[in-house]
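Worksheet for the structure shown next.
A short reminder: the numbers here are calculations on the coordinates, not readings from a lab. A quick note: this is a predicted structure, and the numbers were derived from the prediction, not measured. In this analysis, Cβ positions are derived from the backbone assuming ideal geometry, glycine residues included, and neighbour counts consider all displayed protein chains.
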């Protein structure tokens, strides 16, 4: 790959930079190898993530690095995001290794879902005078649909809520019906997700969550009604008993009076 010179306008933080041309490449393409380590291996659209770069030098001389950055395929040509080390260069001993500070990376919200290419660029000096610019081989980063992130979060929530509802053993027929509807929507969401239809999957999970909330409300209302009915029974039971006793006792009392009257 044609060597380029990175000019990264950054002070202690990562930001987009622009390339300048002019330096002569002194180190050969195999003189450096870099391994990126992402905090999120497959980030979502719009996600904030970071990457650490592990550099291994194969040069027999010391390498001093002034600029290091990453160019993604969604960026403008010759633009980089990276670290300006000109005030405190990274010094790599002959055949040594160096781990750079983590670079903060913001994945654009509108970047396409799928595989994206990127490469790492370095400006430095090999030995005492040989300035160089070096570009890594092309690497790839998989970007996930942001709706799949929402799906994952909702899946965990809905799955937990279904387990809680099952353990509650609803007594309300309405609550039992709503719980079954929620389970059906949950399975529907899984099928949509497997097909990559994230919008439909999220919508189904949202409906499942609504059904679970309605089921809990229906069960609470049912329990309150049952408690009210039991309280009413406790209040009315003694009254009913008294009425029954009166109904039984009054004829006896009446007959007793009649008996006493006509006996004499």
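Structure above, values below:
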| item | result |
| --- | --- |
| Förster radius 25 Å - calculated FRET efficiency between residue 64 and residue 30, Cβ distance, rounded to 0.05 | 0.85 |
| Residue 56-residue 153 FRET efficiency (beta carbon distance; Förster radius 35 Å; 0.05 resolution) | 0.40 |
| Segment residue 180-residue 94, length gained on full extension (0.36 nm per residue, minus Cα span) | 24.3 nm |
| Residue exposure sequence - 84, 130, 123 - by fewest surrounding Cβ within 10 Å | 130, 84, 123 |
| FRET efficiency estimate (nearest 0.05) - Cβ-Cβ, residue 79 to residue 163, R0 45 angstrom | 0.40 |
| Residue exposure sequence - 111, 158 - by fewest surrounding Cβ within 10 Å | 111, 158 |
| Alpha-carbon centroids, the range 49-75 and the range 135-167: separation in whole Å | 31 |
